[in-house]
Amino acid sequence: MKKAYGLISLLALMMLLVLAGCSSDSKEGSKDASKEDGKPAEKAEKEGKDIVIAVADNFTGMDPHDTNDTLSGSAQKAMLEGLVGFDKDMNVIPLLAEEYSANAEATEFTFKLRENVKFHDGTPFNAEAVKVNFDRLSDPNSGLKRHSLYALIEKTEVVNEYEVKFTLSEPFGAMINTFAHPAGLMHSPKALEEFGKEVARNPVGTGAFKFVEWKPSEGLKIEKNEEYWNAGFPKVDSITFKPVSENGSRIAMLQTGEADFIYPVPTEQVEGINGKNGIEVESKPSIVVRYMSMNTLKAPYDDVKVRQALNYAINKEAFVKVVMNDQGTVLDSIIAPDVQFYSKQEPYAFDLEKAQDLLKEAGVEKGFKAKLWGGNSSGAIKAMEFLQQQMAQVGIDVEVVPMESGTISDKIWSVQNPDDAELELYYGGWSPSTGDADWGIRPLVGGKDAFPPMSYNVSYYDNPEVDQLILDGLQTADLDKRAKAYEDAQKLVWDDAPWVFLSADNTLAGKKNYLKGIYLLPDGSLSVSDIEIE
C-alpha cells in the first residue's frame, strides 16, 4: 500500500489565499445582477474579441504535471486537455476520451480516444501520446509534484491507435476522478522531447487556446486555436491573464473595462459593484476550506490542549462577519459540506475562558510569541491580522508574515527534515479537486508520507489511527465502507485539532454582463474554453 499512500499531490493548493466566502445561505447560488433598483441592469459593451482576466497572484508554471496551485491549473486547462474532465458541477465528462470502462476490481481502466485531434504543434493525438504523458507522470523518479496522483499506474498500454489501457498496482475505485484532475492534462510528446523541463514555459496541448507568451510579473497571453476539435469553439480571439494582487485595483479594472473578468472579488466589494457598470458578481458554493494550521512538532503546538485552546480563542462567527463580510459559513469539518463523504462535527465555540484554562493546563498561561505565515494578497493579510487580534486576547503575541507565493512555496517545500521546518502557524486554503474526501484529507493530515516536500501536511500531523482510516477509505470502492472510514477520520482530526478550523467559501467572480460561458468550478478553478461575448 505504500505506493498508493506515498507521495501525496498538493492537488489544489490555494496559494491565492483569498477570502472568497460562502454566503450565509450558500445554497441559493448566483446573485441576480439582472436588475438594479427594480430596473434592468445596464448592458456593458465590448469592442473586439480579446478578453482580459485579472487574477490575484502570479502563475507558478505551465506544466500541469509539476505545478500544484489552482490558479496555474486554470490557465493550463485552456491550453491542454485530459482524457476526461469536470463540468461546472464537478461531474466527470469526456474530453479527449470519448468513452471509458473499468473492470470489476477497479484495477484496469480502458479509454477509447477521440480521433482526428492534433496538438498545437501538429503532432497527432493518439494512444501513444497518452502513454508518453502517463509514463512521465507515473515514473517514481520523475520528481514531478503531481506524480503521487498517478503512482498507482503500473502499466500504460497502447491497445491500438485510439485505445489505451491502464493497469493499476492495486484497486482504486475513485481512479476516474483522478484522471479528471487537472494534473492529467497532456503535453505534446514532441514538446516534451524538445523542451524538457522548460515545457513549463512552453506548453503545447490540444485545447481551445494556444500559448503565446508568459511574463510572470506581467501576465500570460493565449490565442484562439483555429483547428480546435470542438467545432465552433473557441468564440473569442485571445485571453490575457494579468496578475493583480491588490483587491481595489482588480475592482477598478473591471469597472473601467480594462478587465472583462476578475477573480476573486473581495467580499467587502460584492454589494458595491454587483449590478452596476454592467457588472455581475457570481457567488456559488465551493469545496474550498480556510484554516490556520499549527506545526504539531513544535512546542507549544505539540500539545493538543494548546491547539484546542486556539480553536476556542478565535471567534469563527466574527471571522465570517468581519473578514468575509457575512459571505461565509463556519467550517464544521476538515472538508466542506459539498465534498463526498463529508461528516459534520460540532464547531469549537468562542470561549476565551475555556481557551485560557486549556493554556494554563498546558503550562503556557502567560502566553507566547508566534509567527503566522500566509500570502500577501489583501484578503490574506486581512485574515491574518484578524487572527493576530483574536489570539492577543489570550496573551499570544503573533507576528504576521505575508509572503509572495513563490517565496512561501520555497520556504515550505525546501525543507527535507521536518525538524528543520521554520513554519509555526500558517493561514491557508484547500480545494480537493477531485471532489472526494480522500483528496480533502490525505494530503493535509495524512501522516509522515504527506509531510513537505512530499505533500501539504504543513501541520506535520501524524496519527496512525487516522492514517489507517484514510487507507481503509482508499482500499475499497464500497461507498458505505468508504463513508464510515472518512466519518471516523474526520472525528479524530477534529478532536486532535491540528488546525484552527475557520470557514468554507463561495467562489466569487466578477464579470462584464456581455460574457457567458466562463465560470468558476466548485474547486475554485476557472473554465474559459466556452467563453463568448453576447
Subset of region 361-383 that is assigned to a helix (DSSP H, G or I) and buried (at least 23 other Cβ atoms within 10 Å of the Cβ) - its residue that is farthest from the chain's Cα centre (by Cα): ALA383
Failed criterion for THR240 (all others in (1) in contact with an Asp or Glu (Cβ under 8 Å, 6 or more places away or on another chain); (2) without any contact (Cβ under 8 Å) to a residue 40 or more places away in the chain; (3) farther than 22 Å from LEU95 by Cα hold): (2)
Residue among PHE233, PHE241 that is modelled with pLDDT of 95 or more, more than 28 Å from ASN315 (Cα to Cα) and within 25 Å of the chain's Cα centre (by Cα): PHE241
Per-region count, region 89-142, residues in a loop (DSSP other than H, G, I, E, B), among the hydrophobic types (A, V, I, L, M, F, W, C) and in contact (Cβ under 8 Å) with a residue 60 or more places away in the chain: 6
Residue selected from region 168-195 under the condition more than 18 Å from LEU80 (Cα to Cα) and open to solvent by less than 20 Å² (accessible area, probe 1.4 Å), by the criterion farthest from the chain's Cα centre (by Cα): LEU168
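A quick yes/no check of all residues on (1) crowded, with 17+ Cβ neighbours inside 10 Å; (2) over 29 Å from LEU71 (Cα atoms); (3) of a type in the set (Lys, Arg):
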site: ASP449; (1), (2), (3): yes, no, no
site: GLN475; (1), (2), (3): yes, yes, no
site: TRP494; (1), (2), (3): yes, no, no
site: TRP499; (1), (2), (3): yes, no, no
site: GLY510; (1), (2), (3): yes, no, no
site: LYS516; (1), (2), (3): no, no, yes
ALA75 being buried (at least 23 other Cβ atoms within 10 Å of the Cβ), modelled with pLDDT of 50 or more, among the small types (Gly, Ala, Ser) and in a helix (DSSP H, G or I): yes
Enumerated helices (runs of 4 or more DSSP H) restricted to region 397-482, each holding at least 2 residues that are under 22 Å from ASP303 (Cα atoms): 437-445, 464-474
Matching residues in region 97-153 - criterion: being over 22 Å from ASP66 (Cα atoms), open to solvent by less than 50 Å² (accessible area, probe 1.4 Å) and among the aromatic types (Phe, Trp, Tyr): PHE109, PHE111
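The values are calculated or read from the model by the stated rules, or taken from the named source; none is laboratory data. What you are looking at is a predicted structure, and each value in this text was computed from that prediction instead of being measured. Counting neighbours? That spans all protein chains shown, and the Cβs are built from the backbone with ideal geometry, glycine included. Note: accessible area is taken over every heavy atom of the protein model, side chains too, but ligands, DNA and RNA are not part of it. Shrake-Rupley method; radii C 1.70, N 1.55, O 1.52, S 1.80 Å.
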